[in-house]
Amino acid sequence: MKDKLEEILNDIEYPVISEYKFSTTRKFRFDYFIDLSNFNSLVPGIGIEYEGINYQNSNYSRHTNTSGFIKDIDKYNLALTLSVPVLRYTFKQLEDPEEVKKQIMTVISNFLNKAS
């Protein structure tokens, strides 16, 4: 399913970096990062995360166990302190790639338009 997200991001007209390390103090990485630093944006970029939740076996997903969930919260909160918004998707959302692309482009547009 992550490859479906990658296909959507390949269609975005802005630079996309995979496994982007966004902090110098922690080893956190975004699955993908849309780099807006060269586009007069209010934010340096947008983090994109694929939440690999397995609904049939949710007990075995790192995103749903207690320590994994806490680390995810720490990661997303740190991103916001660095002015980096994060969009999160599961396989269910990726069933509608046009809607996902529309959301991503809306967020990009909002941060670019407000910076002008």
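The values are calculated or read from the model by the stated rules, or taken from the named source; none is laboratory data. In this text, all values refer to a predicted model and were calculated from it rather than measured experimentally. Side chains are part of the model used for accessible areas, which takes the heavy atoms of the whole protein and leaves out ligands, DNA and RNA. Shrake-Rupley method; radii C 1.70, N 1.55, O 1.52, S 1.80 Å.
The table below gives the values:
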read-out: Between region 1-21 and region 74-116, the alpha-carbon center distance in angstrom; value: 12
read-out: Residue-averaged 222 nm ellipticity for the chain, from DSSP H runs of 4+ at -39500 (n - 2.57), nearest 500; value: -12500 deg cm²/dmol
read-out: DSSP bridge pairs, the chain: antiparallel proportion in percent, nearest 5; value: 70
read-out: Share of carbon and sulfur in the accessible heavy-atom surface of the chain [1.4 Å probe, %]; value: 48
